[in-house]
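Down below is the structure, laid out as structure tokens.
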Amino acid sequence: MILKTEHLSHKYGSNWAIRDINMEITYPGVIGLLGSNGAGKSTTMNIICGALNQTEGDVYINGINLRQAPEDARKEIGFLPQVPPLYPDLTIDEYLIYCAELRMVSKDKIKSALEEAKERCGIAHFSSRLIKNLSGGYRQRVGIAQAIIHKPKLVVLDEPTNGLDPNQLIEARKLIREIAETHTILLSSHILSEISLLCKEIIMIESGRVVFSDSMDAFNNYVQAKSMLMRMDHPPSTTELLKINGINSVEFLTDKQVRVYFDGSHDDISVRLVEASVAGGWRLQEIHLDKGLLDDIFKQLSIQVAQ
Ligand SMILES: Nc1ncnc2c1ncn2[C@@H]1O[C@H](COP(=O)(O)OP(=O)(O)OP(=O)(O)O)[C@@H](O)[C@H]1O
């Protein structure tokens, strides 16, 4: 068992931020913690990493109770908080050596741990560069390097891809996948597509409670798409679209983009739409499922959980 939380609850003042969070992670890979802003992701992660003391409940890292044996448990955790704890006036080497010492890496192993972490995160060529002179993407790599320098079993990354530009995003995802080959990663995001790109398993929280915990495939089956987005050069009229079996309403977003709402299987609907496009000369350029806004998914899940 890499991570287990039992009845984890926390309140700030008199307000519960998380309530009765139970999770068990026994497998390697990337596990996604998905939730809208304020759902309780950071609170949960801060507690798991020992940065915040929970009001109630227990955390076990690799079977060790975090409250009872914090030093032993923390050896098995690497943490990249939402705001990376970087020291801008240190060089990468100075900073990572400091982190290794904090994580109680023995003196004779610090040099090799440093080289390995830098190598894995692609920052070896920047060893003596001051952190303040690095781009956002490289700072994030240093943040990940400090989280793995002591080779923990569990690496916790709080919204690690937030604020990165498209190229940095691709690089960061690649790095996270590589790290996941040897560590279990718990990664939070409020962006469903980000989680689905990186994670095979997903834990979803809303208003401080777990509303879904299963594989990404199960999640995709669970969250049924009810609409489809289409872009065409010569779209038909609303009346024409409504004649197609299964389509129950139509919304034009622009004069070329339309969202159709349907009942039944989306495979059947897409076949019908493509056939109608060919027959009617709509010049279909794009068609894809619209999974809906994350808020709607949360609502759908919370209603099911409450029932
Ligand atoms: N230090 C604090 N004092 C009081 N309330 C807090 C504090 N930190 C968080 N909260 C509240 O607890 C709830 C959960 O916040 P948390 O930051 O854990 O959510 P989150 O899912 O990480 O959101 P975000 O993605 O916006 O960081 C929110 O209602 C938030 O306002």
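The values are calculated or read from the model by the stated rules, or taken from the named source; none is laboratory data. As the structure is a prediction and not an experimental result, all values here were calculated from the model. Glycine gets a Cβ as well: all are built from the backbone with ideal geometry, and neighbour counts include every protein chain shown.
A few notes on this one:
- Single residue of N53, N37, N65 found to be at pLDDT below 95 and surrounded by fewer than 22 Cβ atoms within 10 Å (Cβ to Cβ): N37
- Exactly one residue out of L52, L102, L86, L96 is within 14 Å of the ligand (Cβ to nearest atom) and more than 18 Å from the chain's Cα centre (by Cα): that is L52.
- Residue that is nearest to the ligand (Cβ to nearest atom) [pool: residues in segment 160-174 that are part of a loop (DSSP other than H, G, I, E, B) and either aliphatic (A, V, I, L, M) or farther than 20 Å from P81 by Cβ (or both)]: L164
- For R177, the conditions (1) away from the ligand (no atom under 16 Å from the Cβ); (2) over 23 Å from I92 (Cα atoms); (3) modelled with pLDDT of 95 or more; (4) within 13 Å of the chain's Cα centre (by Cα) are fulfilled apart from (2).
- Near pairs, Cβ below 7 angstrom, 6+ apart or cross-chain, from segment 11-28 (within 15 Å of N46 (Cα to Cα)) to any residue that is more than 11 Å from the ligand (Cβ to nearest atom) and outside any strand (DSSP E or B): K11/T55
- Filter pass, L157 being more than 16 Å from the ligand (Cβ to nearest atom), closer than 23 Å to K200 by Cα, within 17 Å of the chain's Cα centre (by Cα) and not in a loop (DSSP other than H, G, I, E, B): no
- Residue pairs meeting the criteria (Cβ under 7 Å; at least 6 apart or on separate chains; first within 15 Å of I31 (Cα to Cα), in segment 151-179; second among the acidic types (D, E)): K153/E76; L154/E76; T161/E194
- Condition check for V105: of a type outside the set (G, A, S), touching a Gly at 6+ places or on another chain (Cβ under 9 Å), more than 20 Å from G136 (Cβ to Cβ) and not in a helix (DSSP H, G or I): no
- In segment 55-83, residue farthest from W16 (Cα to Cα) [restricted to those that are away from the ligand (no atom under 14 Å from the Cβ), without any contact (Cβ under 8 Å) to a residue 24 or more places away in the chain and assigned to a loop (DSSP other than H, G, I, E, B)]: A69
- In segment 249-280, residue farthest from E201 (Cα to Cα) [restricted to those that are among the polar types (S, T, N, Q) and surrounded by 13 or more Cβ atoms within 10 Å (Cβ to Cβ)]: S277
- Unique residue being more than 28 Å from S188 (Cβ to Cβ), among the hydroxyl-bearing types (S, T, Y) and either within 16 Å of the ligand (Cβ to nearest atom) or not in a helix (DSSP H, G or I) (or both) when the list is S112, S128: S128
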